[in-house]
Amino acid sequence: MIQENALTPQKSKCPLCNSEGVFSHEGKDLLHGTQGSHTYMKCMNCEAVYHHPMPDSKTIGSYYPNVYYQEINNRRKHSKLKKGVLKYKYNYKHLEIPLLYKLLAPVASLFRYKSSIPFKPDYKCLDIGCGNGRFIHSMNSLGWKFEGVEFSPVAVKICHKAGLSVFEGELKDAGFPDNSFDIISARHLIEHIPDPKSLFKEISRILKPGGDFIIRTPNSKAFGRNWFGVNWFSDDIPRHLILFNSKNLTMLASKYEMHPQKIKTFSSPKSILNSIDYLTGNTQKPSRKKKMYKLLGRIFATFSTLINRGDELFIIFQKN
């Protein structure tokens, strides 16, 4: 369990609302084993959990070994069932689906693929922090027109090799005109950004009125985080600089003329099982490859999702 001590004398200012923060926890890099221990604070107002002191860009870069980005040679194809759900519920009328999956889609849509985006054929879309471009390639294979922005030269090289349109650098340096995009996505990006206010301001500038800003990010209110503490896989110390919840993200977005259209949380067995490995120190056969653990992971993930305390936040904001 996470032990947050509001009486610890160390204090700081929250990067979201500038309120006072107090000590939350301290942890190490469990994924890549980089050296050192890292301190995190919790805002007493908006409850953002953030790295303290906030590292500079050079230090942040050192948290990402080149192995962090991998080629996308073996691209996973969308399953027939997923395509069936997309066609049935999310306006992907152009997809060709076998009859069996057309029949299964109405039932499957009640439980699967709830974070899907309704299809709009003429929308111009941007994925920020696109990494190796897997998401862009996946969306474009369904008929979308996505391009990307990515700060890592290694990742951008992989994207360009795959024929994807990706700008190398920070979003503010891309120089997009006002009201450029119908949809902007930031999938597991904002938790890596030291100054989310500047990012939201720039996103609001280049997003069209009525356009959607889609966020996926770890949920600081997750049941798994409360259970596993510093061994929670989605903590990803030290790469995750800020952990958010739906309340403080909504507060931040409202400052830049964006309001929530959809808020959900999700958990996956992978996140839970990796957390178990961190907790137990397992470096042998991963728990996600053990049948009994996989079953437990599914139960845990389903439960945390049902009580709306999943590991991941999924929010769609719309610009006024």
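A few notes on this one:
- Only residues that are surrounded by fewer than 21 Cβ atoms within 10 Å (Cβ to Cβ), touching a residue at least 60 places away in the same chain (Cβ under 8 Å) and of a type in the set (A, V, I, L, M, F, W, C) were counted in the stretch 242-275, giving 2.
- A single entry from Ser204, Ser234, Ser198 fulfils the requirement of being among the small types (Gly, Ala, Ser), free of Cβ contacts under 8 Å to residues at least 60 places away in the same chain and assigned to a helix (DSSP H, G or I): Ser198.
- When Leu164, Leu110, Leu142, Leu104 are screened for being assigned to a loop (DSSP other than H, G, I, E, B), open to solvent by 50 Å² or more (accessible area, probe 1.4 Å) and among the aliphatic types (A, V, I, L, M), only Leu110 passes.
- Phe146 vs. criteria in contact with a strand residue (DSSP E or B) (Cβ under 9 Å, 6 or more places away or on another chain) and at pLDDT 95 or above: yes
- Flag if Gly148 is within 27 Å of Met54 (Cβ to Cβ) and free of Cβ contacts under 8 Å to residues at least 12 places away in the same chain: no
- Any hit, the stretch 237-253, residues being among the β-branched types (Val, Ile, Thr), part of a loop (DSSP other than H, G, I, E, B), under 20 Å from His25 (Cα atoms) and in contact with a strand residue (DSSP E or B) (Cβ under 6 Å, 6 or more places away or on another chain): yes
- Residues in the stretch 218-237 include at least one that is closer than 29 Å to His52 by Cα, in contact with a Pro (Cβ under 6 Å, 6 or more places away or on another chain), at pLDDT 95 or above and open to solvent by less than 40 Å² (accessible area, probe 1.4 Å).
The values are calculated or read from the model by the stated rules, or taken from the named source; none is laboratory data. A quick note: this is a predicted structure, and the numbers were derived from the prediction, not measured. With ideal geometry, Cβ positions are generated from the backbone for all residues, glycine too; neighbour counts draw on all protein chains shown. For accessibility, only protein heavy atoms count, side chains too; no ligands or nucleic acids. Shrake-Rupley method; radii C 1.70, N 1.55, O 1.52, S 1.80 Å.
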